[in-house]
1. Gly136: more than 15 Å from the chain's Cα centre (by Cα), at positive phi, away from the ligand (no atom under 12 Å from the Cβ) and assigned by TED's automatic domain parsing to the domain that holds Pro64, yes or no?
2. Can you find a residue in segment 151-162 that is more than 15 Å from the ligand (Cβ to nearest atom) and not basic (Lys, Arg)?
3. Among strands (runs of 3 or more DSSP E) lying entirely in segment 212-329, which contain 2 or more residues that are over 23 Å from Thr160 (Cα atoms) and out of contact with any helix residue (DSSP H, G or I) (no Cβ under 8 Å at 6 or more places or on another chain)?
4. Mind checking whether some residue in segment 94-101 is within 16 Å of the ligand (Cβ to nearest atom) and assigned by TED's automatic domain parsing to the domain that holds Val162?
5. Given the conditions (1) in contact (Cβ under 8 Å) with a residue 40 or more places away in the chain; (2) of a type outside the set (Val, Ile, Thr); (3) surrounded by fewer than 17 Cβ atoms within 10 Å (Cβ to Cβ); (4) touching a helix residue (DSSP H, G or I) at 6+ places or on another chain (Cβ under 7 Å), which single one is not true for Gly106?
6. Hey, does segment 294-312 have a residue that's of a type outside the set (D, E, K, R), out of contact with any Cys (no Cβ under 6 Å at 6 or more places or on another chain) and within 12 Å of the ligand (Cβ to nearest atom)?
7. Could you check segment 49-67 and list, in sequence order, the residues that are touching a helix residue (DSSP H, G or I) at 6+ places or on another chain (Cβ under 7 Å) and not in a helix (DSSP H, G or I)?
8. Among the residues of segment 276-284, is any near the ligand (Cβ under 10 Å from one of its atoms) and of a type in the set (S, T, N, Q)?
Amino acid sequence: MIGKAQGPPVSITGVGAYVPDRVLTNDELSTLVDTSDEWIMERTGIRERRIAAPEQALTDLALPAAKAAIAQAGIEGKDLDLLLCATVTPDMMFPTSSALLADTLGANEAAAYDLLAGCTGFMYALAQAYGMLVAGLAERALVVGGDVLSRILDWTDRSTLVLFGDGAGAVVLEKVEKPGFLGFELGADGGGGIHLSLPGSGSRSMEEATGNGYVHMNGREVFKFATRVLVSSAEAVLERCGAAVEDVDVYIPHQANVRILDHAVQKLGIPRERMIVNVDRYGNTSSGSIPLALAEAQADGRLKKGDLVLMTGMGAGLTWGSALMEWTQ
Ligand code: COA
């Protein structure tokens with residue numbers, strides 16, 4: 001799916017993020033599985049990640065992020081009429097984390113539902129909220145992306161354990177005077193889905209699945225997929241919007257692995273200093289990754305009004321998604 005923005009201009013008017021306090025270093029991981037700081041740094045660029053406390057579930061991470069985004073937008077929870085939460089680790093399957101968050105935030109008039117698109121979830125939710133605002137179905141949306149992947153990892157499997165972390169981010173979308181969002185490109189390849197899966201997590205019996213009920217990943221295949229779609233999706237959305245790669249001021253790719261990110265900037269021809277990188281400190285936080293990076297970029301003063309911002313996510317599904325926008329805050 002690809003589209004250039006049409007209709008009333010919509011943009012991000014508030015951003016927030018939250019990560020748990022607990023820092024888990026590579027050295028600590030090497031006491032749990034057969035790995036080393038050197039191996040993890042060389043293959044992934046990840047130095048440490050955050051891990052939720054036992055009593056913290058997704059909405060506990062999402063709530064502070066949501067509150068910060070709402071405050072920055074200068075609105076209140078009750079002003080929201082749409083709340084989307086992209087996650088693969090909701091508090092439970094139902095009630096949805098979105099409904100729980102809407103209740104806590106006082107968003108009593110809001111439609112609220114969770115969305116599953118692996119690590120691309122935030123990009124899918126962003127496009128969906130955008131579409132609802134443009135269609136006039138909603139005026140103010142909160143889009144949350146977050147995951148507590150530490151709960152679905154096999155803590156004896158070094159090939160997945162070292163990659164992921166916990167975190168959440170949120171943005172408020174509203175109609176604005178000048179166009180914020182310029183276009184989106186989203187895609188899925190279920191044929192490759194088997195390379196990154198959570199067997200036993202749904203109605204398919206474990207007997208028919210491969211794995212042990214934890215994240216199951218073919219790292220090499222996912223690596224090849226990720227490096228390919230980060231480039232193709234970004235190029236597609238830029239072309240559809242009539243923008244050149246040189247115009248991109250801030251590039252925010254899904255924070256999976258420094259090697260994947262370096263490959264993408266090199267292939268795309270975006271100067272590395274225009275890319276936001278925080279995977280070294282948080283690992284791959286799945287749906288939390290892009291809004292977390294967005295919030296950090298804003299806090300660091302790297303996002304300025306008028307900047308052309310390119311975001312691309314990819315992950316389980318296999319799925320991918322890009323958004324191009326002019327920063328209007
Ligand atoms: N520590 C030490 N050794 C490890 C290890 C770890 N944490 N994980 C794997 N290894 C070993 C493997 O067992 C293998 O050993 P072998 O050669 O004796 O079989 C060796 O390291 C090389 O494994 P390989 O899978 O070829 O490494 P790689 O260079 O492809 O790096 C990943 C592995 C997982 C880091 C890489 O494939 C990757 O980043 N893939 C994408 C993952 C991703 O981003 N997923 C989420 C997408 S949203």
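1. yes
2. Checking segment 151-162: not a single residue is more than 15 Å from the ligand (Cβ to nearest atom) and not basic (Lys, Arg).
3. 319-326
4. Among the residues of segment 94-101, not one is within 16 Å of the ligand (Cβ to nearest atom) and assigned by TED's automatic domain parsing to the domain that holds Val162, which makes the answer no.
5. (1)
6. Yes; the residues of segment 294-312 include at least one that is of a type outside the set (D, E, K, R), out of contact with any Cys (no Cβ under 6 Å at 6 or more places or on another chain) and within 12 Å of the ligand (Cβ to nearest atom).
7. Scanning segment 49-67 gives Arg49, Arg50, Ile51, Ala52.
8. So far as segment 276-284 goes, yes, one or more of its residues are near the ligand (Cβ under 10 Å from one of its atoms) and of a type in the set (S, T, N, Q).
The values are calculated or read from the model by the stated rules, or taken from the named source; none is laboratory data. Owing to the predicted nature of the structure, the values given are computational and were not obtained by experimental measurement. Positions of Cβ are generated from backbone atoms using ideal geometry, with glycine treated the same way; all protein chains shown enter the neighbour counts.
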